[in-house]
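Participant: I am attaching a structure below and will ask some questions about it afterwards.
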Amino acid sequence: MMKIKFLIFLILGIFIFHWVYKFFAGPESIQLILNAKYKIFYLIIAHIPTLYFDSLAWIILMKNKLSTKTAFIITWISQTSGKFIPSGNITGEFVRFYLARRSGQKFSEASSTVLMDLFIATFSLFLIGLAALIFIIFSLKSNLILNQFQYLILAFSLISLGTLFFLLIIRKRVISKFLVITKKFEFLSKKNIFNLLRLDISLNKLSHRKWCLLNAVVLRLMGWIAGAFEIYVFFLIIGVDAKITDVIIIESVTAIIRSAAFFIPSAIGVQELAFVIVGELVGYSSIVSFSVAIGRRLREIMVGIPAIITWIIIFRKQSNHFN
């Protein structure tokens, strides 16, 4: 059943991608990239600050801290898996938990910090998305297309609800309450109950470390801004003069839309459509906007393939920790 759903959503994504390619001058966008093909590899360098800030945001949540190098490699691999594996960002967090465990983290430490960092990443996206949304409403009224704006509001609302839902789970100790219910039915093994209880306690304690959480949010915001810098670098590569506010809006809004379309593998098609819609919203042609979308896919591939190779070499062939 899962394979059928995956296939259906994949076909849907491919259909959307093909439609965007045909409708928004895909060949011209590809040609724009080919004209600057020898500079595309600068996108790999431009992605390093994003990985660095995301890694620091995760490290700051830990008591038994991993080295910056280890956290950087794990973040790199997990974000790659989140882009290439059907379950999207959720898969990436499972991979990060697994690699953190392999690197010496305890179950409660690895699971609680990974989940809390996921919450912080979502919350920071909410903040930067809210700022972008306010800017759009008050500065770009004349360019808004009503239907597109409604989809943006829907995607933003989903992110907001997800953030609130996760916060309630942590602060209201929902996991422990769930365990009380399942215990009556012997639904879980004692080992799983114990692990979940430790996770609940660890998450709740972590949620009260306010300065730690604040610093993590700031670092994650810097990570999102660094992601916008990648788009700025791509604009430079193809010879387009871009504004800082424009690339931040493009990065944040497309990330929100992509998160809302988590059920489509790698958000294929949806991500490209989002880049075109938001790009045109802030004043760029469909050719330029679609080329940015293709550039983002190229960066994901160029960064992702080495990450997969690194995973195989470091984690699959070695049983020892690599700190």
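Participant: Criterion first (surrounded by fewer than 18 Cβ atoms within 10 Å (Cβ to Cβ), part of a helix (DSSP H, G or I) and either at pLDDT below 85 or not acidic (Asp, Glu) (or both)) does Leu130 satisfy it?
Facilitator: yes
Participant: Let me ask something else about it. How many of the residues making up the range 277-291 are within 17 Å of Tyr232 (Cβ to Cβ), of a type outside the set (A, V, I, L, M, F, W, C) and not in a loop (DSSP other than H, G, I, E, B)?
Facilitator: 3
Participant: Exactly one condition in (1) at pLDDT 80 or above; (2) in contact with a helix residue (DSSP H, G or I) (Cβ under 9 Å, 6 or more places away or on another chain) is not met by Leu164; state its number.
Facilitator: Answer for Leu164: the failing condition is (2).
Participant: Of the residues that sit in the range 28-47 and are surrounded by fewer than 16 Cβ atoms within 10 Å (Cβ to Cβ) and among the polar types (S, T, N, Q), which one is farthest from Val288 (Cα to Cα)?
Facilitator: Restricting to residues being surrounded by fewer than 16 Cβ atoms within 10 Å (Cβ to Cβ) and among the polar types (S, T, N, Q), the top hit is Asn35.
Participant: Out of all the residues in the range 235-248, is one or more farther than 26 Å from Ser81 by Cβ, touching an Asp or Glu at 6+ places or on another chain (Cβ under 8 Å) and either part of a helix (DSSP H, G or I) or not β-branched (Val, Ile, Thr) (or both)?
Facilitator: Yes, the conditions are met somewhere in the range 235-248.
Participant: Also, I was wondering about something else. Which condition does Ile264 not pass, out of (1) at pLDDT 90 or above; (2) touching a helix residue (DSSP H, G or I) at 6+ places or on another chain (Cβ under 7 Å), if it passes all the others?
Facilitator: (1)
Participant: Mind listing just one residue for me: the one in the range 1-27 that is surrounded by 13 or more Cβ atoms within 10 Å (Cβ to Cβ) and either modelled with pLDDT of 90 or more or among the aromatic types (Phe, Trp, Tyr) (or both) and, of those, farthest from Ala293 (Cα to Cα)?
Facilitator: Top of the filtered list is Phe6.
Participant: With the requirement that a residue be farther than 11 Å from Phe17 by Cβ and outside any helix (DSSP H, G or I), what does the range 259-276 give you?
Facilitator: Ala261, Phe262, Phe263 - these are the residues of the range 259-276 that are farther than 11 Å from Phe17 by Cβ and outside any helix (DSSP H, G or I).
Participant: Kindly evaluate Thr50 against the criterion of being within 24 Å of Ile313 (Cα to Cα), among the β-branched types (Val, Ile, Thr), buried (at least 20 other Cβ atoms within 10 Å of the Cβ) and modelled with pLDDT of 90 or more.
Facilitator: The answer is yes for Thr50.
Participant: Among the candidates Phe194, Phe187, Phe135, which residue alone is modelled with pLDDT of 75 or more, more than 30 Å from Glu280 (Cβ to Cβ), surrounded by fewer than 18 Cβ atoms within 10 Å (Cβ to Cβ) and among the aromatic types (Phe, Trp, Tyr)?
Facilitator: Residue meeting the stated conditions: Phe194.
Participant: Any residue in the range 97-118 that is modelled with pLDDT under 85, within 14 Å of the chain's Cα centre (by Cα) and either farther than 23 Å from Lys243 by Cα or not hydroxyl-bearing (Ser, Thr, Tyr) (or both)?
Facilitator: Checking the range 97-118: not a single residue is modelled with pLDDT under 85, within 14 Å of the chain's Cα centre (by Cα) and either farther than 23 Å from Lys243 by Cα or not hydroxyl-bearing (Ser, Thr, Tyr) (or both).
Participant: Condition check: surrounded by 23 or more Cβ atoms within 10 Å (Cβ to Cβ), touching a Phe, Trp or Tyr at 6+ places or on another chain (Cβ under 9 Å), closer than 30 Å to Ile4 by Cα and in contact (Cβ under 8 Å) with a residue 60 or more places away in the chain. Does Ile256 satisfy that?
Facilitator: yes
For every residue, the table says whether it meets (1) over 16 Å from Ile312 (Cα atoms); (2) touching a residue at least 60 places away in the same chain (Cβ under 8 Å).
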| site | (1), (2) |
| --- | --- |
| Leu61 | yes, yes |
| Asn64 | yes, no |
| Ser67 | yes, yes |
| Ser103 | no, yes |
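Participant: Could you tell me whether Ile294 is buried (at least 16 other Cβ atoms within 10 Å of the Cβ), modelled with pLDDT of 90 or more, of a type outside the set (Ser, Thr, Tyr) and outside any loop (DSSP other than H, G, I, E, B)?
Facilitator: Answer is yes for this residue.
Participant: Under 7 Å by Cβ, and 6 or more places apart or on different chains, what pairs join a residue from the range 193-218 that is in contact (Cβ under 8 Å) with a residue 60 or more places away in the chain with one that is buried (at least 18 other Cβ atoms within 10 Å of the Cβ) and not in a helix (DSSP H, G or I)?
Facilitator: Leu206/Leu61; Cys212/Ile60; Cys212/Leu61; Asn215/Ile60; Ala216/Ile60; Ala216/Leu61
Participant: Condition test on Ala226, is it under 15 Å from the mean Cα position of the chain (by Cα), assigned to a helix (DSSP H, G or I) and not polar (S, T, N, Q)?
Facilitator: yes
The values are calculated or read from the model by the stated rules, or taken from the named source; none is laboratory data. These numbers come from a predicted model, not from an experiment. A quick note on method: Cβ atoms are made from the backbone with ideal geometry, for glycine too, and the neighbour counts reach across all protein chains shown.
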